[in-house]
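Asks: Sharing a structure, written as structure tokens. Questions coming.
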Amino acid sequence: MREIENLKKVILEEYPRLDLESKFTFQCHKSVACFNDCCGDVNIFLTPYDILRLKNRLKISSGEFLSKYTISPFDKNLRYPVVLLKMEENERKSCPFVSPDGCLVYTDRPWSCRMYPLGLASPKSDGESLDKEFYFLLQEGVCKGFHEKKQYTVAEWIKDQGVDQYTEMGELFKDIALHEILQKGEMLSPEKIEMFFMAAYDFDRFRDFVFNSSFLKKFDVDERTQEQIREDDAALLKFSFKWLRFALFGEKTMTIRREVLEAEKRKHE
Ligand code: SF4
Ligand code: SF4
């Protein structure tokens with residue numbers, strides 16, 4: 001994790017800042033000499049929406065996906081739990097989804113795989129020192145894609161790689177992961193970390209928690225929302241984010257049932 005912090009510092013201080021109209025030359029295809037070389041021994045942080053896409057692609061539950069394909073490193077400096085794609089235990093430390101023909105989950109590949117060779121620095125991930133987000137080019141030594149002739153603007157690349165499908169969920173997740181309370185250095189309790197992990201990453205378990213605990217007796221969730229979160233993972237994930245803002249930061253994103261509030265009040269009379 002320290003290496004990642006150091007890289008962040010170098011990016012902020014030294015990397016040229018790109019905007020949506022900035023141009024760069026790059027192409028990746030099966031005939032490049034380095035084809036697949038970047039799909040191994042790499043830190044790929046997974047967002048909740050990455051997990052949603054991948055576990056549905058593989059037709060498994062979020063819990064099975066997390067235990068089979070990810071690791072969650074412990075670091076006392078982390079403000080919230082993170083999930084990384086677990087590389088295979090072979091010499092190349094290959095990504096579990098790489099094949100001689102390329103990525104086996106290409107249309108559902110994670111956000112960071114889509115973005116490469118671009119990175120994004122946002123003010124929230126840097127606390128106070130950055131006033132505006134910017135893109136930058138990550139030029140990995142092994143990558144021959146920069147010797148190709150095709151030119152893109154940043155906006156064209158984002159569209160071409162389908163990154164925009166990930167934007168809405170990404171922004172909702174940033175509101176939690178980079179919340180000002182965490183930015184101020186407040187650490188989450190172990191119970192809150194466990195809740196964060198379940199609701200943001202293991203959302204099939206979170207669904208079970210909503211429908212098979214006293215959750216719906218305590219919180220007023222209308223019928224339509226209940227139907228949506230029962231059937232639709234994207235709706236469930238949006239609901240998880242609302243719940244986390246309430247459970248972790250005390251925001252008024254959930255409605256407590258009146259009878260529960262009245263019972264609480266009576267207890268203190
Ligand atoms: S998910 Fe696909 S694109 Fe990303 S590292 Fe693995 S094989 Fe490569
Ligand atoms: S190293 Fe670069 S050019 Fe080679 S496969 Fe990876 S992204 Fe494509």
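Asks: In the set L182, L188, L236, which member is at pLDDT 95 or above, of a type outside the set (F, W, Y) and surrounded by 15 or more Cβ atoms within 10 Å (Cβ to Cβ)?
Replies: Values: L182 fails: at pLDDT 95 or above; L188 fails: at pLDDT 95 or above.
Selected residue: L236, the only one of L182, L188, L236 that is at pLDDT 95 or above, of a type outside the set (F, W, Y) and surrounded by 15 or more Cβ atoms within 10 Å (Cβ to Cβ).
Asks: Shifting gears a bit: Being more than 10 Å from ligand 1 (Cβ to nearest atom) and in contact with an Asp or Glu (Cβ under 8 Å, 6 or more places away or on another chain) is the requirement here; does S61 meet it? Lay out the reasoning, then the answer.
Replies: Numbers: more than 10 Å from ligand 1 (Cβ to nearest atom): yes; in contact with an Asp or Glu (Cβ under 8 Å, 6 or more places away or on another chain): yes.
The answer is yes for S61.
Asks: Follow-up. Identify, from the list L7, L18, L46, L12, the residue that is among the aliphatic types (A, V, I, L, M) and closer than 30 Å to A235 by Cα.
Replies: L46
Asks: Output yes when any residue across the range 81-101 is touching a Phe, Trp or Tyr at 6+ places or on another chain (Cβ under 9 Å), within 16 Å of ligand 1 (Cβ to nearest atom), touching a residue at least 60 places away in the same chain (Cβ under 8 Å) and among the hydrophobic types (A, V, I, L, M, F, W, C), and no when none is.
Replies: yes
Asks: Would it be correct to say that R245 is more than 30 Å from L120 (Cβ to Cβ) and of a type in the set (K, R)?
Replies: Numbers: more than 30 Å from L120 (Cβ to Cβ): no; of a type in the set (K, R): yes.
Spelling it out, it is not the case that R245 is more than 30 Å from L120 (Cβ to Cβ) and of a type in the set (K, R).
Asks: Look at the range 5-24 and say how many of its residues are surrounded by 12 or more Cβ atoms within 10 Å (Cβ to Cβ) and either β-branched (V, I, T) or in a loop (DSSP other than H, G, I, E, B) (or both).
Replies: 5
Asks: What single numbered condition from (1) more than 26 Å from E14 (Cα to Cα); (2) within 16 Å of ligand 1 (Cβ to nearest atom); (3) in contact (Cβ under 8 Å) with a residue 12 or more places away in the chain; (4) not acidic (D, E) fails to hold for M187?
Replies: (2)
Asks: Please specify each residue of the range 148-180 satisfying the condition of being closer than 18 Å to K238 by Cβ and touching a residue at least 12 places away in the same chain (Cβ under 8 Å).
Replies: Of the residues in the range 148-180, the ones closer than 18 Å to K238 by Cβ are 164-179.
Selection gives Y166, M169, G170, L172, F173, K174, D175, I176, A177, L178, H179.
Asks: Scanning the range 137-156 for residues that are under 16 Å from R17 (Cβ atoms) and within 13 Å of ligand 2 (Cβ to nearest atom), which turns out surrounded by the fewest Cβ atoms within 10 Å (Cβ to Cβ)? Step through it out loud before you land on a result.
Replies: To start, the set of residues in the range 137-156 that are under 16 Å from R17 (Cβ atoms) comprises 137-139, 153-155.
Restricting the remaining residues to those that are within 13 Å of ligand 2 (Cβ to nearest atom) gives 137-139.
Numbers: L137: 16, L138: 14, Q139: 12.
Of everything passing the filter in the range 137-156, Q139 is surrounded by the fewest Cβ atoms within 10 Å (Cβ to Cβ).
The values are calculated or read from the model by the stated rules, or taken from the named source; none is laboratory data. Model, not experiment: these values are computed from the prediction. Here Cβ is always computed from backbone atoms with ideal geometry, including for glycine, and neighbour counts include all displayed protein chains.
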